[in-house]
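What follows is a set of notes on a single structure, which appears directly below.
The values are calculated or read from the model by the stated rules, or taken from the named source; none is laboratory data. Please read all numbers here as calculations on a predicted model, not as lab measurements. Note that we place each Cβ from the backbone using ideal geometry, even for glycine, and neighbour counts take in every protein chain shown.
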Amino acid sequence: MADYSREIERRRTFAIISHPDAGKTTLTEKFLLYGGVLNQAGSVKGKATARHAVSDWMEIEKQRGISVTSSVLQFLYDGYCINILDTPGHQDFSEDTYRTLMAADSAVMVIDGGKGVEAQTRKLFKVCAMRHIPIFTFINKLDRDARDTFDLVDEIEKELGIPTCPVNWPIGSGKNFRGVYDRNTRRVLTFRDTLKGTKEGIEEEIDLNDPHLLDVITEDQKAQLEEEIELLDGASVEFDQSKVDKGELSPVFFGSALTNFGVETFLQHFLKMTSSPLPRMADCGLINPADPDFSAFVFKIQANMNKNHRDRIAFMRICSGKFDADKEVYHVQGDRKMRLLQPQQMMADDRHVVSEAYAGDIIGVFDPGLFSIGDTVCAPGKKFRFEGIPTFAPEHFARVALLDSMKRKQFVKGIEQIAQEGAIQIFRENSGGMEEIIVGVVGVLQFDVLKFRLENEYNVDIRLDMLPYEYIRWIVNKDEVDLDHLVGTSDMKKVVDMKGNPLLLFVNSWSVGMVLDRNEGLQLEEFSRN
Ligand code: G4P
């Protein structure tokens, strides 16, 4: 096997998704601990110590103490080379979060055992499901009182529409938490509440039939466990790796990230069940990761990491072959050969220049303004394009008013550049000959980011007037529809996006249905692939 194929084979690139506070950061820290990257858990991000996440590049992130952008962490564990794509957990996360999921081969979904499926989990899950990538569930915080285990599993199945297969099963929760039962080995991994911040396990593994188990759990707990196992074995879906691979079955694990219980077991199982880098679809067919020719696509553009320069970093997911910093690559959309500048990778809180990287890896390269999201970079002589990254539906809208009309030129330049990076989406509306600009964002924090950046980088002051729209639909069959004679509703607004695609904004979801009813043949879609 060629050297590079071995490197690709051992790569695992995944995202961790969760609702804020479910424990994503804590779990990531514990993973890094096993990878030997952190000596003591807690250095990735700690609200208490006011240390910022790796991705805190922008001033606004520092001011708010939160993470606006997603970051990537790489570490080694047990022969695997692991890339974790971090996604901001804050309520006001952005479209970036969704796009980051485009670069992952699988996702770990962290759920708070006391709360179950929450709003953000639902949204992020939907994006993962759209790509049919494997999704693994870690039900966290078992050291606190958790909801009934069957209820939790049931909720995942019903709310997210994915069958589950518990790999282990908890014994009690909160004060009565005693460990997890592994359904495969039929052994109990016992819980001790003293493992915080260490990787030293003093957990014990005891066979279900070993009398010693009763020193750890009560007779009642054992009886309940046996009853639950019987129910589970009878009712739950059998583990089927091929279904996991297609995202049609989610293996479920239980644990407590904070006390570092069940984390290593989870990591070990997960690494075996998740796949090495997956092939990616391009206009010439599937591109195999083991293909010797280098190829990658841009999934995220991060602006202004250095305030003095208007530079950007383009994040690329390598899809095939090996990246060699000394070799030229071909940027398909720009139709030019080039050398990727200052390619970087991130390890915990350190960014370093890399000279080589492999399919599955993420690199950030210096971008003087050449790249757009979704662009393909490949070996010179090749000319394919990877499947585009969808534009996700913004959920908040505002009209932008320029305070000093003399600065219109800078304003248009600034807002277009920021939109090109994908932080915001802009829509144009023609009202009585005057062009109005409407901004749409996935998370409301992006409005602040826009205002801040226009002021600081372009010296332009704006006012944002919030609009009540919540639903956006692109017109799929725009060439067949007579837009001027569309029968709308009173709450509907017609606008065009940056690329001139027509779309409709609505205040109510029922208006969407009404417009579809009133205009036969009209086809609407929640995201745009153009
Ligand atoms: P997030 O990235 O998903 O937003 O969650 P994060 O890991 O920051 O965890 C949110 C809070 O939940 C933190 O407490 C964290 O310590 C706690 N937590 C995470 N995992 C567990 C667990 O397994 N058991 C228990 N009991 N708590 C857990 P915090 O007080 O908000 O922050 P901090 O001061 O501890 O950083």
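A quick yes/no check of all residues on (1) in the same structural domain as Pro166 (by TED's automatic domain parsing); (2) away from the ligand (no atom under 16 Å from the Cβ); (3) of a type in the set (Ser, Thr, Tyr); (4) in contact with a Gly (Cβ under 9 Å, 6 or more places away or on another chain):
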residue	(1), (2), (3), (4)
Asp207	no, yes, no, no
Asp210	no, yes, no, no
Leu213	no, yes, no, no
Glu230	no, yes, no, no
Gly247	yes, yes, no, no
Ser250	yes, yes, yes, no
Phe253	yes, no, no, yes
Ala257	yes, no, no, yes
Phe266	yes, no, no, yes
Report, by residue number, each residue of the range 318-335 that is part of a strand (DSSP E or B) and at pLDDT below 95. Lys322, Phe323, Asp324
Would you be able to tell me the number of residues in the range 445-487 that are on the phi > 0 side of the Ramachandran plot and in contact with a Gly (Cβ under 7 Å, 6 or more places away or on another chain)? 0
Within the range 8-30, count every residue that is in a helix (DSSP H, G or I) and among the aromatic types (Phe, Trp, Tyr). 0
Leu152 assigned by TED's automatic domain parsing to the domain that holds Ser94 and away from the ligand (no atom under 14 Å from the Cβ): yes
Per-region count, the range 292-312, residues at pLDDT below 80 and of a type outside the set (D, E, K, R): 7
Return the residues of the range 154-196 that are surrounded by fewer than 16 Cβ atoms within 10 Å (Cβ to Cβ), under 16 Å from Asn209 (Cα atoms) and either of a type in the set (Val, Ile, Thr) or in contact with a Cys (Cβ under 7 Å, 6 or more places away or on another chain) (or both); say none if nothing qualifies. Thr185
In the range 385-439, the residues that are closer than 29 Å to His331 by Cα and in a strand (DSSP E or B): Phe386, Thr391, Gln425, Ile426, Phe427
